[in-house]
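A.B. asks: So that we are looking at the same thing, I have put the structure below in structure tokens.
The values are calculated or read from the model by the stated rules, or taken from the named source; none is laboratory data. This one's a predicted model, so the numbers in the text were calculated from it and none came from an experiment. Here Cβ is always computed from backbone atoms with ideal geometry, including for glycine, and neighbour counts include all displayed protein chains.
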Amino acid sequence: MSQMISSGKRSAALLSNENRRKITWALFLLPALLIYLTFMAVPLFDSLRLSLYTGEGYNPTKFVGLQNYIDLFTNPLWREKFFGAVLHTTIFFAIHMVVQNSLGLLFANLLSSEFKGRNFFRTIIFTPATLSVLVTGFLWTLILNPNWGAVNKILVAMDLRQWALPWLGRENLALPIIALVSSWQWVGMPTVMFLAGLMGISDELLEAARIDGASEWEIFWKIKFPLLKPIVGIVAILTFVDNFNAFDVIYAMAGAKGEPSYSTDLLATLFYRTGIAGEHPVGIPNMGMGAAIATITFLILMTGVLFWLYLSRRNSDEA
């Protein structure tokens, strides 16, 4: 009988400790949850609500249902700019994926080797990411100036005057140039992530491959890269989210209108002009249409993230 009583007391004590742990976890999570709800969830749902209204200023009051979305896809006044912004944002993202992340993988592979001065090169590669995007964009605007910029001066000095172009003044060049500037600034981020993954690979595994006669190229593609696939996926989705929200570098180097002739206009700059600054010639913010643009951007991002999660889950199940 006494054993049953003591066993019941122990069970009650364990249950009490478990409840205290749950309460402690809830108390620690509560501040973060409140911050998330206040600054993320509530604005998101309010943006969805605003997309169903129209009117001047920042508080539209006339309910129009899905008319803002219909106008965005069918009204020539909005359709051309919207689909142009989607295309430009996709190109902007693709350049980052190809240039920034490929260079990040290359730099990480080189920096994972033992050589003199590698810490210096790590610092050099990551330093641009610590600078303000607006400052970086302004500096590169000066460097690319067609009249007295350093790039054209160097090309002229090398007797390559035919290549001294108005880099930010041509519709076919402005967006790729700005994307390359952005890739230059942020290449340190994927480099750090890939480097962390490479440093986690066992040295014994690599040495065994070398003893078996594998070349460094074979070691990279058959050992290192397969082990880096989870990090490659994370870097890809972060690049996708960051670039479909990109605004500051375009604003710094091409202005809110995405000059020249809207050739660098992204979804974020289109939203800014529509919902906040007001589009010329009216110059009055249309927060309802701006909220519709923001909602569609959110749906694009959510679709991309869910697709990546589906692929990663399927690959893990197959493995």
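A.B. asks: For the stretch 159-197, give me each residue that is at pLDDT below 90 and farther than 24 Å from ILE91 by Cβ.
C.D. replies: Result: ASP159, LEU160, ARG161, GLN162, ALA164.
A.B. asks: Which numbered condition trips up ASN245, out of (1) more than 21 Å from GLN100 (Cα to Cα); (2) modelled with pLDDT under 90?
C.D. replies: (1)
A.B. asks: Moving to a separate point now. Given (1) of a type in the set (Val, Ile, Thr); (2) closer than 19 Å to THR269 by Cβ; (3) more than 24 Å from the chain's Cα centre (by Cα), where does VAL133 come up short, assuming only one miss?
C.D. replies: The number of the failed condition is (3).
A.B. asks: Given the conditions (1) closer than 26 Å to LEU103 by Cα; (2) out of contact with any Pro (no Cβ under 9 Å at 6 or more places or on another chain); (3) of a type in the set (A, V, I, L, M, F, W, C); (4) free of Cβ contacts under 8 Å to residues at least 60 places away in the same chain, which single one is not true for ALA256?
C.D. replies: Just one mismatch for ALA256, condition (1).
A.B. asks: Looking at ASN68, is it in contact with a strand residue (DSSP E or B) (Cβ under 8 Å, 6 or more places away or on another chain), surrounded by 14 or more Cβ atoms within 10 Å (Cβ to Cβ) and part of a helix (DSSP H, G or I)?
C.D. replies: Here the answer is yes, as ASN68 does meet what is asked.
A.B. asks: Taking the stretch 183-218 on its own, how many of its residues are out of contact with any Ser or Thr (no Cβ under 7 Å at 6 or more places or on another chain) and either among the basic types (Lys, Arg) or over 15 Å from ILE125 (Cβ atoms) (or both)?
C.D. replies: The qualifying residues number 20.
A.B. asks: Select from the stretch 49-97 the residues that are over 21 Å from ASP265 (Cβ atoms) and aliphatic (A, V, I, L, M) and write down the one among them that is farthest from the chain's Cα centre (by Cα).
C.D. replies: VAL64
A.B. asks: Quick one: is ALA150 in contact with a helix residue (DSSP H, G or I) (Cβ under 6 Å, 6 or more places away or on another chain) and small (Gly, Ala, Ser)?
C.D. replies: Taking the combined requirement at face value, the residue satisfies it.
A.B. asks: Given the residues GLY283, GLY288, GLY278, which is the only one that is modelled with pLDDT under 90 and surrounded by 24 or more Cβ atoms within 10 Å (Cβ to Cβ)?
C.D. replies: Values: GLY283 fails: surrounded by 24 or more Cβ atoms within 10 Å (Cβ to Cβ); GLY278 fails: surrounded by 24 or more Cβ atoms within 10 Å (Cβ to Cβ).
Of the residues listed, the single one that is modelled with pLDDT under 90 and surrounded by 24 or more Cβ atoms within 10 Å (Cβ to Cβ) is GLY288.
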